[in-house]
Amino acid sequence: MQAKGFHTTLSTNIPLHALHEYAACNLFVLHELPADIIVDSFELNDHGLFFQFVGNTNLELPTSGVANEPGWLLVAVKPETDLVVVDVPLHVRYGVPHEGHNPRHIIQLLPPTCFWACPSSYKLLHSALPSQSPKFHLLNSSVQFEILQHTTSSPLSFDIPVGDINHTLYIELCTVTVTLLAFVYIVWTISKTLYSAHLKMQ
Amino acid sequence: MKPNTNAAWQDRISGFGTLLVISAVLRVVLILYSEWHDAHSIVKYTDIDYRVFSDAARFILHPNLQGNTAKGPFALRYFTVGDPYARETYRYTPLLAILLLPNEWLHPSFGKYLFAACDLINGALIYQILMLHILPYTKSLAPDVSAKNPKRFMRAHATLLATIHLLNPLVFTISTRGSSEAILCTFVLSTLFYALERRQNAAAVMLGLSAHWKIYPIIYGVSYVSAITSQRVNDKGWDFAYLRRLVGRQALCFALLSAGTFIILGAICYAMWGYPFLYEAYLYHTDRRDHRHNFSPYFYLIYLTYSNSGGTSADLSIWRQLLRSPFTSLIPQLTLSLGTGLVLGRLSADLPFVWFVQTFTFVLFNRVCTSQYFIWYTLFIPLLVPRINISWKKWVMCGAVWMGAQALWLAEAYNLEFLGHNVFFGLWVRSLVYVASHAWVLGVIMSGYTPFVSCNQQ
């Protein structure tokens, strides 16, 4: 499924088996998000999520205004049932303008990594987190990981419109023209008002 | 029969006190509703800005919460005070965060009650200005009013006009959602009140405070200087006597007191919070590049040229650089917002009208425009209505055009943001429609306005 528009919710379904075997562990979802994606920490708080985000926290810049580095969102999940659903609201920056008729840009998301994080005293586990992921203080007490399979997430891509750079000259000309016309019209109206006031005083 | 009809009309209007009570109850109910709504819905009633103010207040109270100690020279040496600018997107004076400190120790909705109280104060100021400075000099209002109860008629009229502000959905929604515009409106209306009362020093201090809160009220200083100059010069021409008075003792005293207030407040804030205060409260706004959620047609140009470091590319021809230059909007904006102040300010009794025109043109030609900006000038409309001579059909048309242009833009913005349709160009066209239609509305209001005749203002 592909999200259209600049705002959506990334929903991850995590089926859990043998829950009791991981009683001493914590369940997490790790998202690697491209620079185009905006994570609003305050909004995530409103959703009651317990999380840590490492990346660009500026909510206002377009894609061309941020470095091309991914952001990492780690969400802690309470495994209360056999099927856990984690909903994360995401927003998209305005993309780099292209040429062409009706230009669009597709943003692909990597499937999130769902895993158990367990203490060193736990049985030996062999999974590892993505090597390029940063250090998270939420994982400080965990040294072993078990990555879960068969998790599903949606949507994993965004299809967004971008500006057409062929419009630029037209935009420049017409914006300035309308601005100046509005200016002239208001000046003319002010002159009439002053003249009317002057006549009254006479 | 006409005088009896008028008397009946007056009797149907409740007193201003009743209006205040109704307005207060409405706001309290909405604030209580906002608490319930926010607790039960992911989509919040409360504006995101209120979260920003509240977080900033918390950071002031709790330094070292996130390494957020104030960075001003005075604070570093003598105090440990929190830094409100550690909160992202907090771009206001620190005094606002200080005003909202009770959000932390009293109740999270304290700020909303404060903004609502400012709404009521604004309504009272509007009522007083109408009663003291506008309605007594507006003869056209009630040619048939019995001489026995002109005061009663004026009170009814002033109450009705204050209702435009107090029961305006735009006004009470903004304040109960937690936007702080009501505080600035209180400062601006207080400045206007003192100016009309000819209490120059009080007006100067309030203007300095208003400008500290947000920069744009500086434009009112130009019109007030023109007004006080005009009061001392009998001739209304542009002669040497007028120009000399423009930089004369009275005008200079006003300017110095106003600037002094602004500088002292700024210096105190800088001493405590340092460069982050200067940047976030003032400097950031001089180079804002809002490419999104912005009514101004410049949003699209900003977006298309964002990667050119916000300036003009050296590879472009001179005339292309000129077209992209911020001066294409800044020059009309400043010419009108300052020029109208200087020129129309000579109609000293018409300060509410002058300030309306100045603010309207400032907002219209600004490269950034959001819905909250409109309240900066709609604030003055109750003060203009008695002196605007246009038919009710034209009033309705102005309202429809003013709101319709915004609705058109918002509908297309929804298509873009939530449905993902490529309507950047269409949205930009609607921005042009917004500029043209709002300019037309301003023109209609100005054309219909009847200035005071100077002999009425002694």
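No value in this document is a laboratory result; all are computed from the given coordinates. The shown structure was predicted, so the numbers you read here are calculated from the model rather than taken from an experiment. Please note: Cβ atoms are built from the backbone with ideal geometry, for glycine as well, and neighbour counts cover all protein chains shown.
Taking 20 Å as the cut-off, the amide N atoms of the range B:91-114 that come nearer than this to a point 7 Å along the Cα-to-beta-carbon line of B:A39 belong to B:103-114.
Report, in deg cm²/dmol and to the nearest 500, the calculated mean residue ellipticity at 222 nm for chain B, where each DSSP H run with n ≥ 4 adds -39500 (n - 2.57) and the sum is divided by the residue count. Provide the component values of the computation, followed by the final result.
Details: 22 runs with 298 residues, N = 458.
Mean residue ellipticity, 222 nm, calculated: -21000 deg cm²/dmol.
Cβ distances below 4.7 Å define possible disulfide partners, and in chain A the cysteines left without one are A:C114, A:C174.
What's the longest uninterrupted piece of chain A once you rule out the GluC sites (Glu not before Pro) that are loop residues per DSSP with at most 13 other Cβ within 10 Å? Counting only loop sites that pass the neighbour cut-off, the longest clear stretch is A:100-202.
The distance separating the Cα centre of the range B:170-215 from that of the range A:1-64 comes to 42 Å. Projecting the Cα positions of A:W72, A:T177, B:Y298 onto the charge dipole of the protein assembly as shown (unit charges on Cβ atoms of Lys, Arg, Asp and Glu, taken about the Cα centre) puts A:T177 furthest along the positive direction. Summing +1 for each Lys or Arg and -1 for each Asp or Glu among the other residues whose beta-carbon sits under 14 angstrom from that of B:A57 gives 0.
Listing A:D87, B:D350 from fewest to most neighbouring C-beta atoms within 10 Å gives A:D87, B:D350. Could you tell me whether chain B comes out rounded, prolate or oblate from its Cα gyration tensor? Rule is a ≥ b ≥ c as square roots of the eigenvalues, rounded for a/c under 1.5, then prolate if a/b exceeds b/c, otherwise oblate. Judged from the Cα gyration tensor, chain B comes out rounded (a/c under 1.5). What you get for the protein assembly as shown, charging only the Cβ of Lys and Arg (+1) and of Asp and Glu (-1), is a dipole of about 3200 debye around the Cα centre.
Quick one: B:D38, A:D164, fewest Cβ neighbours within 10 Å first, how do they rank?
Working: B:D38 17, A:D164 21.
Ranking B:D38, A:D164 by Cβ neighbours within 10 Å, fewest first, gives B:D38, A:D164.
In this label model, A:M201 and A:N58 are separated by 5.1 nm, measuring between points 7 Å along each Cα→Cβ vector. Peptide B:40-49 has a mean of 2 when you count, residue by residue, the C-beta atoms of other protein chains within 10 Å of its C-beta.
Averaged across the residues of B:414-424, what count of C-beta atoms belonging to other chains lies within 10 Å of each residue's C-beta?
Average neighbour count from other chains, rounded to a whole number: 6.
With the simple spin-label model, which puts each label point 7 Å out from Cα in the Cβ direction, the B:T18 to A:L181 separation comes to 4.9 nm.
For the pairs B:K112/B:K151; A:K200/B:K394; B:K112/B:K214; A:K4/B:K44; A:K78/B:K44; A:K78/A:K135, note any where the Cα-Cα span goes beyond 28 Å. Over 28 Å Cα-Cα: B:K112/B:K151.
Proximity of backbone amide H atoms, modeled 1.01 Å from N, is registered between A:F6 and B:F418, B:G420 at under 5 Å, excluding neighbours fewer than 5 places apart on the same chain.
Just rank B:S329, A:S41, B:S431, fewest to most, by other beta-carbon atoms within 10 angstrom.
Values: B:S329 21, A:S41 15, B:S431 25.
With the sparsest Cβ surroundings first, the list reads A:S41, B:S329, B:S431.
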